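Input: a single structure, listed below in structure tokens.
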Amino acid sequence: MKKIVNPWIKLEKDGYNCFGCAPNNPYGLKMEFYEDGDDIVSFWTPTENYQGWLHTLHGGIQSLLIDEIAGWLVARKLQTSGMTTSLEVKFKNPITTGTGTPLEIRAHLKEVRHNFAFISAQIRCDGRLCSSGKLTYFCFSKEKAAADFHFTACHTVDEEG
């Protein structure tokens, strides 16, 4: 597994404060990402701050985890940015907050057609499938990604040297 370098860190002084991945957002999830073969994976531990029902991770936060990892899959595997156009989440098992048990969030690129990426994602806790998602992502041209979203490239630590 190779750690992915956050390409937007250098934009913190310009306002980068993503709820999903900005490391200095005091309310955010501070997700980090890894490349694992064809997949992108993140490990995140749910605290009581993100519960919906008593001691249960809010479904909106689960949807955010799935949406965020899909964006990072596009950044790393397709080397561009884009936007979610469709997100379908199925909640299969509750996720308990406050146990200190990390979740594994994983995304896989199923297909690319024209400018659309079709992605599957899932959240597992202790190996048990808790949530799954199907996403359609519209991928911007590399020129638009650079001009409008400050995206130039997404590397792993070993590629940065």
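The values are calculated or read from the model by the stated rules, or taken from the named source; none is laboratory data. Just so you know, these numbers come straight off a predicted model, no measurement behind them. Positions of Cβ are generated from backbone atoms using ideal geometry, with glycine treated the same way; all protein chains shown enter the neighbour counts. Side chains are part of the model used for accessible areas, which takes the heavy atoms of the whole protein and leaves out ligands, DNA and RNA. Shrake-Rupley method; radii C 1.70, N 1.55, O 1.52, S 1.80 Å.
Key figures
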| item | result |
| --- | --- |
| Residue within region 5-20 that is at pLDDT 95 or above and aromatic (Phe, Trp, Tyr) present | yes |
| Residue within region 14-26 that is open to solvent by less than 80 Å² (accessible area, probe 1.4 Å) and touching a Pro at 6+ places or on another chain (Cβ under 7 Å) present | no |
| Pair list, Cβ under 6 Å, 6 or more apart: region 10-27 residue under 20 Å from Asp67 (Cα atoms), other residue open to solvent by 60 Å² or more (accessible area, probe 1.4 Å) | Pro23/Lys30; Asn25/Asn17 |
| Selected residue (only one of Thr80, Thr101 is closer than 23 Å to Ala22 by Cβ, open to solvent by less than 70 Å² (accessible area, probe 1.4 Å) and among the hydroxyl-bearing types (Ser, Thr, Tyr)) | Thr80 |
| Total residues in region 133-155, condition hydroxyl-bearing (Ser, Thr, Tyr) and out of contact with any helix residue (DSSP H, G or I) (no Cβ under 8 Å at 6 or more places or on another chain) | 2 |
| Identity of the residue in region 143-161, within 21 Å of Glu35 (Cα to Cα) and more than 20 Å from the chain's Cα centre (by Cα), that ends up surrounded by the most Cβ atoms within 10 Å (Cβ to Cβ) | Glu159 |
| Flag if Ser42 is among the polar types (S, T, N, Q), under 21 Å from Ser132 (Cβ atoms), touching a strand residue (DSSP E or B) at 6+ places or on another chain (Cβ under 6 Å) and open to solvent by 40 Å² or more (accessible area, probe 1.4 Å) | no |
| Subset tally (residues that are open to solvent by less than 40 Å² (accessible area, probe 1.4 Å) and within 30 Å of Glu159 (Cα to Cα)) for region 61-77 | 11 |
| Region 124-155, residues that are under 19 Å from Trp44 (Cβ atoms) and among the hydroxyl-bearing types (Ser, Thr, Tyr) | Ser131, Ser132 |
| Tally, over region 45-55, of residues that are crowded, with 19+ Cβ neighbours inside 10 Å and in a helix (DSSP H, G or I) | 1 |
| Number of positions in region 126-139 that are touching a Ser or Thr at 6+ places or on another chain (Cβ under 9 Å), among the hydrophobic types (A, V, I, L, M, F, W, C) and open to solvent by 20 Å² or more (accessible area, probe 1.4 Å) | 1 |
| Breaking point among (1) out of contact with any Phe, Trp or Tyr (no Cβ under 7 Å at 6 or more places or on another chain); (2) open to solvent by 30 Å² or more (accessible area, probe 1.4 Å); (3) not hydrophobic (A, V, I, L, M, F, W, C), for His58 | (1) |
| Hey, Ala121 more than 21 Å from Ser42 (Cα to Cα) and either in contact with a helix residue (DSSP H, G or I) (Cβ under 6 Å, 6 or more places away or on another chain) or free of Cβ contacts under 8 Å to residues at least 24 places away in the same chain (or both) or not | no |
